[in-house]
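This report concerns only the one structure given below.
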Amino acid sequence: QVQLVESGGGLVQPGGSLRLSCAASGSILYIYDMRWYRQAPGKQRELVAAITYLNNTNYAYSLKGRFTISRDNAKNTVNLQMNSLKPEEKGVYSCSAWEPQIEYWGQGTQITGAT
């Protein structure tokens, strides 16, 4: 059983940056494919970024060059560095640990945009 806890969300100005972290307990993360999802208000959850257990990365097309997903195996965390944030990118960001039989989820961390 993997427990995931996200952190790092908050209020962000357009063009600002945030770094999200997904910390795990109960298992080591480097054996899993790790994913970050976003659910914007009133919209379906969408995949933002992914890193395989072989450390291959993939991003939603609109995010390439602005977001970076990475692992810190020493801390058993997966991070998402987000730069040049846009107002439409606010929402709840959740991480998951995926393997073919099951996908574990965290509770999510909220990013809100400054008005």
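The values are calculated or read from the model by the stated rules, or taken from the named source; none is laboratory data. Computed from a predicted structure; not experimentally measured. Cβ: placed from backbone, ideal geometry, glycine included. Neighbour counts: every protein chain shown. Only protein heavy atoms, including side chains, enter the accessible area calculation; ligands, DNA and RNA are left aside. Shrake-Rupley method; radii C 1.70, N 1.55, O 1.52, S 1.80 Å.
So how many residues does segment 27-50 have that are in contact (Cβ under 8 Å) with a residue 24 or more places away in the chain and of a type in the set (Asp, Glu)?
Within segment 27-50, residues that are in contact (Cβ under 8 Å) with a residue 24 or more places away in the chain and of a type in the set (Asp, Glu) number 1.
Just checking: which of the strands (runs of 3 or more DSSP E) contained wholly in segment 51-115 hold 1 or more residues that are among the polar types (S, T, N, Q) and touching a residue at least 40 places away in the same chain (Cβ under 8 Å)?
Result: 77-82, 91-99, 109-113.
Restricting attention to segment 1-16, report how many residues are open to solvent by less than 30 Å² (accessible area, probe 1.4 Å), modelled with pLDDT of 95 or more and either farther than 14 Å from residue 38 by Cα or not in a strand (DSSP E or B) (or both).
Of the residues in that region, 1 qualify.
Could you tell me which residue of segment 78-94 is most open to solvent (accessible area, probe 1.4 Å), considering only residues that are within 11 Å of residue 38 (Cβ to Cβ) and either within 11 Å of the chain's Cα centre (by Cα) or hydroxyl-bearing (Ser, Thr, Tyr) (or both)?
That would be 92.
Given the conditions (1) farther than 20 Å from residue 111 by Cβ; (2) free of Cβ contacts under 8 Å to residues at least 40 places away in the same chain, which single one is not true for residue 24?
Single failed check for residue 24: (2).
Spot the failing condition for residue 38; the list is (1) in a strand (DSSP E or B); (2) surrounded by fewer than 18 Cβ atoms within 10 Å (Cβ to Cβ), and only one is missed.
With respect to (1) in a strand (DSSP E or B); (2) surrounded by fewer than 18 Cβ atoms within 10 Å (Cβ to Cβ), residue 38 is out only on (2).
Can you work out which of the residues in segment 17-29 that are hydroxyl-bearing (Ser, Thr, Tyr) and outside any strand (DSSP E or B) is least open to solvent (accessible area, probe 1.4 Å)?
Residue satisfying both the conditions and the ranking: 27.
In segment 61-75, how many residues are at pLDDT below 95 and open to solvent by less than 30 Å² (accessible area, probe 1.4 Å)?
1
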